[in-house]
1. So, taking all protein chains as they sit and a 1.4 Å probe, how much accessible area belongs to Ser380, in Å² rounded to tens?
2. With every protein chain left in place, what is the accessible area per residue of the chain in square angstrom, probe 1.4 Å?
3. Tell me, what % of the accessible area of the chain is carbon and sulfur with a 1.4 angstrom probe?
4. Along its three principal axes, how long is region 339-423 when you only count alpha carbons? Whole Å, largest extent first please.
5. For Ala31, what is the net charge nearby, where nearby means another residue's Cβ is under 12 Å from its Cβ and Lys, Arg count +1, Asp, Glu -1?
6. Taking a quarter of the surface of the Cα convex hull of region 90-179, what do you get in nm²?
7. What would the Debye formula give as log10 I(q)/I(0) at q = 0.06, 0.08, 0.11 Å⁻¹ for the alpha-carbon point model of the chain, no solvent?
8. For helix 502-512, report the angle its Cα long axis makes with the longest principal axis of the Cα atoms of the chain; keep it between 0 and 90° and round to the nearest 10°.
Amino acid sequence: MSPSLEKWIEECASLTKPDQIYWCDGSEEEAHRLIEIGMYKEKINDNPVFSELNHKLWPSSYLHRSHPTDVARTEHLTFVCHSDKENAGPNNNWMDPREAKELLRKLSDGCMKGRTMYVLPYIMGHPDSPYSRVCVQVTDNSYVAASMRIMTRMGKIALEKLGDGGDFVRGIHSVGDFDPNKRFIMHFPDENLVWSIGSGYGGNALLGKKCFSLRIASWLGLKEDWLAEHMIIIGVEDPDGNITYIAAAFPSACGKTNLAMLRSTLPGYKVWTIGDDIAWLNIGPDGRLYAINPETGFFGVAPGTSMKTNPNMMETLKAGTFYPTLFTNTALNVDTNEPWWEGMDGPVPENILDWQGRKWDKTGGNTAAHPNSRFTVSISQCPTLSPEFDNPQGVPISAIIFGSRRSRLLPLVYESFSWSHGVFCGARMGSETTAAAIHQTGKLRRDPMAMIPFCGYNMGDYFAHWLNMGRKLSNPPKIFGVNWFRLDEDGRFLWPGFGENMRVLKWIIDRINNNVKAKESPVGLLPYIEDLELSGLNISRENMEKLFKIDNDEWKLELEDVRSFFNQFGEKLPQEIWDEFKKLESQL
Ligand code: SAT
Ligand code: MN
């Protein structure tokens, strides 16, 4: 056992004062014990942490209802505490690390009294990967412990990798009393430490996920020449059996998981899933960019998931065996004891309890499932899991896609002119907000590379780092943009989306392989409509043209907004990004 780990656990315990300390070994037996503790012992808001669902229809599935004030990420309570404020940048909340720790120490004093402190050793990435990291989180919540076992390689395996060394990422987590006024998610990049109190919600509490694998890891990437990104990783197989690996960034709740598990409508094409949320991108010995998914599970949005939108996920959710599957804040079909959410297949059941366990009135205007209700499920159950998922070196990436949710403006797909133009396209990304974080939904916000809530340092430096990475790659991936969400004048989606998105992926692959030409527009290279495989798709030529319409006036307004966003970064914004900005401005 690592002496520095033992010492740190003692320190955590002497501050938080739990009744007992429980070291998790990651076994299956233990996972069921954690669930049982959650069913019969621990409570949240006077409700049990877990209740059992219908195991005939949803094997190994459990329902978790969170505290009603604790349903999404709380970005205004999330801080990145660099010693130098400049390093946090205008994109992060900042507090002086000494002040932040003093505050956290006060809030944490005795916060685990009457509870168990679970010690969760885990690895982000494959144990044999040169890119993986050992981490240890303490938590006082069985839901968090059970979730971490699904999302990471947890238990003995991590202690073995750590050995008696002291190089591990630390995470301190307590749900406290769920008081939003005493809720903080604090990052200390200089110490590889995350400290979170007052929330049990995924992105606030599963500290290996956004807190470490994006905020802290992005800072490590800056120092060590790699990238930690909010991206899915997929392999797209063509009818000849060639597989092209693609990484794609979309803001939360914009269909990343559906794309990661897409069931193709184009015969002969298939998507292999490697990751649905986070990619760590390293420069390989051959000068290409290699991606690993550091996680081992999906923490996906339930509403809208169905046999139509994501049949592979529906299968994954019903394949629970070795790993329990957790549903958080979905509704409950009382007659069948099944989870339920808006957009699920079939008729709306008669008898529903809403996400807070209250009888649901269909006509009352509220959704039954919380709009950000989630499932936590092991990636091992995914029918499209790529055989390369466990490759310690990762997969070579040929294309990067930046996707946003825009009802106007952005074409269905475009290709950037160069790496630096692609970085500019990522940097000016804007998207209409969703329920994944607590803010007004449907409002446009700038979200460069879908990383605005997750970049652990000044985004001006982040753009410079992206540009540098391009220079270091002898064979950089091509960069594309996509927008599945463009609407017509009547507010209807122009593009059918889901499985049909394979048609767009096919064009991207055809471009990578130089099989088709593209036409120049001020914003990027666009497809010739003849080059898109549209057979079997009921979409008019007129609508196809609308999907690619570049409206110069709209773009000029867009650029004004982009300019003021970029201006926040002052001197930190790389000149190359301004050069791309001016090029686009002059061409409109
Ligand atoms: O932050 S979470 O990982 O909980 C979900 C998301 O917003 O992507
Ligand atoms: Mn995400």
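The values are calculated or read from the model by the stated rules, or taken from the named source; none is laboratory data. Since this is a predicted model, take the numbers as computed values, not measurements. Ideal geometry is used to build each Cβ from the backbone, glycine not excepted, and the neighbour counts take in all protein chains shown. For the accessible areas, the whole protein counts, side chains as well, though only heavy atoms, and no ligand, DNA or RNA atoms are used. Shrake-Rupley method; radii C 1.70, N 1.55, O 1.52, S 1.80 Å.
1. Probe radius 1.4 Å; accessible area of Ser380 about 70 Å².
2. Working: 21820 Å² over 588 residues.
On a per-residue basis, 37 Å².
3. Roughly 48 percent, rounded to a whole number.
4. So the extents along the principal axes, rounded to whole Å, are 54, 39, 22.
5. Charge balance in the 12 Å sphere: -3.
6. 8.0 nm²
7. -0.29, -0.53, -1.03
8. 70 degrees
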